[in-house]
Amino acid sequence: MSILIFLSTLIVLIVLGMPIAFALMLTGVALMYQLNFFDAQLVAQNMIAGADIYPLMAVPCFILAGELMNAGGISKRIINLAVSMVGHIQGGLGYVAIAATLLLGCFSGSALADTAAVATLLIPMMRDNGYPVARSAGLIAAGGVIAPIVPPSMPFIIFGVTTNTSVSALFVAGIVPALLRAGGLVLVWAMLSRTMKVNLQRKQTWGERLHAFTDALWALVLPVVIIGGLRGGIFTPTEASAVAAVYALFVSLFVYGEVKLKHLKGLMVNAGRTTSTVMFLCAAAFVSSYMVTLADLPAQVTDFLGPMMGHPRVLMAAIMLLLLLIGNVMDLTPTILVMGPVLMPIVIVAGIDPTYFGVMFILVGTLGLIHPPVCTVLNVVCGVAKISLESATRGVWPFLLAEAVLVFLFVAFPGFITVPMTWFH
């Protein structure tokens, strides 16, 4: 009965158009009424507790780092470096897009921020050089969802806080899947770009490439600092976010000089607005998460999935399909906040590694960002490219299919994630 009330309340409120944060909070209230102990003070206490979590301090810092990265010329220099290296080969600007989204993901961990930056710089260039705009937009959107699985990933931080999983372990475990996702996009683009009649970029000299590299060097150092600091135990993920923000501020102000002191207020206001949205979601979700635990929903779901509990790969495949369906109607962060507390106890009972499950959860959740109807990342690219969602959907499907195949490859062969995890520990 509790499962029915939980799902029906949440779905009805979302269908009615209620903001997801309020829908999550009221779903928790509905469970309170069902269990006969509604208390407004308890709702308030849980919302405060949901926001008062130390690892969530990383969220505003990484968001600010992303704002500074885009305004400070870091994105532009990374793309210029990629163009100097591979822009002259067939389909070169597509490879530039993949490399740029992978590298920029190491700064903000936000799919929307990174996709917007790459699309703004590359879409006009690809259009001018004869690349099919819809296919180019699809590639950039598919590359944009690499950011949530490469450290420092905000979805990993939220998942770790919500499910009590090590954020550092999630960061480390996301490195190889991110590289493999980028590699899959390279293979698909290589096949698609063979027949494209496009203008190639001029092949740059090694001197020009060296200049582009040195110009981007300050940008390239940050991922090394963050991953090295986490690996060496120098700082925690939360402290890493502060390092990223301060480093991005220093580079933008004093090295590249593209951000002035007068710009900082606007950048911080933008970062504050985004942070408030994320933090209010986390606070509201803590109410429903608390009630999910009290109503013992994980045990009820476990009973339902009983026949699969002895077959971890079958269970993982079923959960991945469920998350894929949920991604049709819900954005990534709400999916983490709603389904993370429900599913994590189940996978632990089934003997599935929590870190492996966390990476798989985010991998599948990101697919919803690039296919309708939610497709927030695809919508960003549509806005930049000035094309219809229908055109962008046709452009993205080969890359979406490749990323979906990769997910189920990880289900069949968990070693692709679990073995590399041991290399970094």
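The values are calculated or read from the model by the stated rules, or taken from the named source; none is laboratory data. In this text, all values refer to a predicted model and were calculated from it rather than measured experimentally. When we count neighbours, we look across all protein chains shown, and the Cβ atoms used for this are built from the backbone with ideal geometry, even at glycine.
Of everything in region 111-156 that is closer than 21 Å to Thr393 by Cα and hydroxyl-bearing (Ser, Thr, Tyr), the residue that is surrounded by the fewest Cβ atoms within 10 Å (Cβ to Cβ) is Thr120. The set of residues in region 60-96 that are assigned to a loop (DSSP other than H, G, I, E, B) and more than 17 Å from Ala182 (Cβ to Cβ) comprises Gly72, Gly73, Gly87, His88, Gln90.
Candidates Arg313, Arg273: the one that is part of a helix (DSSP H, G or I), within 19 Å of Ile48 (Cα to Cα) and at pLDDT 75 or above is Arg273. Within region 13-29, the set of residues being in a helix (DSSP H, G or I) and either at pLDDT below 75 or within 13 Å of Met330 (Cα to Cα) (or both) comprises Leu13, Ile14, Val15, Ile20, Ala21, Ala23, Leu24. Annotation note: Cβ proximity below 8 Å between a residue of region 30-59 that is assigned to a loop (DSSP other than H, G, I, E, B) and a residue that is among the hydroxyl-bearing types (Ser, Thr, Tyr) (sequence gap 6+ or interchain) occurs for Leu35/Ser2. Of the numbered criteria (1) closer than 18 Å to Ser166 by Cα; (2) crowded, with 21+ Cβ neighbours inside 10 Å, the one Thr422 fails is (2). In this structure, is Leu323 under 21 Å from the mean Cα position of the chain (by Cα), at pLDDT 85 or above and not in a loop (DSSP other than H, G, I, E, B)? Yes; evaluated as a whole, the condition is true for this residue. The requirement of being within 27 Å of Pro237 (Cα to Cα) and surrounded by 24 or more Cβ atoms within 10 Å (Cβ to Cβ) is not satisfied by Asp52.
Among the residues of region 137-170, those identified as part of a loop (DSSP other than H, G, I, E, B) and either at pLDDT 85 or above or in contact with a Cys (Cβ under 9 Å, 6 or more places away or on another chain) (or both) are Val145, Ile146, Val150, Pro151, Pro152, Asn164, Thr165, Ser166.
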